[in-house]
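J.: Quick one: structure below, then a few questions.
The values are calculated or read from the model by the stated rules, or taken from the named source; none is laboratory data. All values reported here derive from a predicted model rather than from experimental measurement. Counting neighbours? That spans all protein chains shown, and the Cβs are built from the backbone with ideal geometry, glycine included. To get the accessible areas, we keep the full protein, side chains included, count just its heavy atoms, and leave off ligands, DNA and RNA. Shrake-Rupley method; radii C 1.70, N 1.55, O 1.52, S 1.80 Å.
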Amino acid sequence: MAEAARLSPDDPGLVTIAGVDLVYDLRGGAPVQALRAIDLSVAEGSFVSLIGPSGCGKSTLLRIVGDLLSPTAGRVAIGGRTPREARLKREIGFVFQEAALLDWRRIRDNIALPLELRGVDRATRFAKADELIRLVGLDGFQDAWPRQLSGGMRQRAAIARALSTDPRLLLLDEPFGALDQITRDRLNMELARIHEITGITVVLVTHSIREAVLLSDRIVVMTPRPGRISRIIEVDLPRPRSLGSREDGRFGDLVAIGSTELEKGYRDVRA
Ligand code: ADP
Ligand code: MG
C-alpha cells in the first residue's frame, strides 16, 4: 500500500504544506525570517528527508508540522486535519536528537508513557510496549533503566515511544546525529525496516546527504536562511534498501547531485 502511494504523483499527500512562512519575532531585536514560501506535499507511506545547512529552518519546519510551532503565514494539513488536531489524536510521533527518556522509569514504562497518558490499561500498554521493543531490537531490555543503555539503544527506545500510539506520521529531527558511524548505519537500517514493515510516513531532518539518499524516496534540499526549498531530488534506488545500496552507482550519482545542490545554496549566499 505504501508502494502505490509512493508512485502516484497525483497523491494529495498525507502532509500538505502551502505557502508557509515563519518569522521569529525577537523582543527588542530584529525579527528572524526562518522560512519563506514553503510548499511541500508528502505522500502517505513515503520517506522524505529535509536537508540543508545549519540554521536553514529544518527544525522549524518539522516543529510546524508537529504542532510545536505555528506558522506566521500559510497552512499545513495532515490527512485533512490541522497539525493541532492530528497531534491531539496522537497521529504524530516525534523523535529528537536527544532521546529524553525519563531516568526514573524503566524502558518499558518509558515506551508505554504516551499510552499511559491516554488512559490505556496497564496490560494493553505493556503488550504494545513489548511489541515495539521487539520491533526496534531492544529485546531483553524491557526492565533496564535508561542510564544502562548506550546512545543508540536510547534512540531505539525513543523511536519505540514515538510509535506507541500507532501514529501515521513519524517526524525525526537529526535522531542519529550524536551517534558513531557504525551505530548510525545500524539504526539507519532499523529505521528503513520499520518504515517498510509499518508503512508509516516519515519525515527525517538530517545533515547527511548519504543518510538521506540511503533512506528516502524524496530529498528536500533547503537554502540557507531564510529557508526555502531549492530542489526536490527523487531517489530512484530500488527497495528494500540495505547498506549495500551504497555500492550502487546510482547512489553515488544521487549523493553528488545533492552535494552540488547544497553547495549552490552556500554560493548564492556568498554572492
Ligand atoms: P536548522 O534546524 O536547519 O539548523 P532552525 O530551524 O533551528 O534551523 O533555525 C532556523 C533559524 O531560526 C536560525 O537562524 C535560528 O537561529 C533561528 N531560530 C530558531 N529557533 C529560534 C527561536 N526560538 N527564536 C529565535 N530564532 C530562532
Ligand atoms: Mg535543527
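J.: Where in the range 25-107 are the strands (runs of 3 or more DSSP E), entirely inside, with at least 3 residues that are away from ligand 2 (no atom under 16 Å from the Cβ) and surrounded by 14 or more Cβ atoms within 10 Å (Cβ to Cβ)?
T.: So the answer is 32-42, 73-78.
J.: Identify the single condition in (1) within 15 Å of ligand 2 (Cβ to nearest atom); (2) part of a loop (DSSP other than H, G, I, E, B); (3) within 13 Å of the chain's Cα centre (by Cα); (4) crowded, with 17+ Cβ neighbours inside 10 Å that Gly177 does not satisfy, given that it satisfies every other one.
T.: Failed condition: (4).
J.: Of the conditions (1) open to solvent by less than 50 Å² (accessible area, probe 1.4 Å); (2) at pLDDT 95 or above; (3) over 25 Å from Thr201 (Cα atoms), Val220 satisfies every one except a single condition; which number is it?
T.: (3)
J.: When you scan the range 108-140, how many residues do you find that are surrounded by 15 or more Cβ atoms within 10 Å (Cβ to Cβ) and more than 20 Å from Arg184 (Cα to Cα)?
T.: 15
J.: Could I ask something else about it? From the residues in the range 198-212 that are farther than 15 Å from Leu187 by Cα and among the β-branched types (Val, Ile, Thr), which one is surrounded by the fewest Cβ atoms within 10 Å (Cβ to Cβ)?
T.: Across the range 198-212, the extreme among qualifying residues is Thr198.
J.: Same structure again: Give me the pairs, please: first residue somewhere in the range 238-255 and over 16 Å from Arg218 (Cβ atoms), second residue anywhere and polar (S, T, N, Q), beta-carbon distance under 8 Å, and either six or more positions apart or on two chains.
T.: The qualifying pairs are Leu243/Asn188.
J.: Another question, then. May I ask you to list the residues in the range 189-233 that are within 16 Å of ligand 2 (Cβ to nearest atom) and among the acidic types (Asp, Glu)?
T.: Glu211, the sole residue that qualifies.
J.: Please go through the range 223-254 and pick out each residue that is buried (at least 19 other Cβ atoms within 10 Å of the Cβ) and within 15 Å of Val48 (Cα to Cα).
T.: Matches in the range 223-254: Ile229, Ile233, Val235, Arg241, Leu254.
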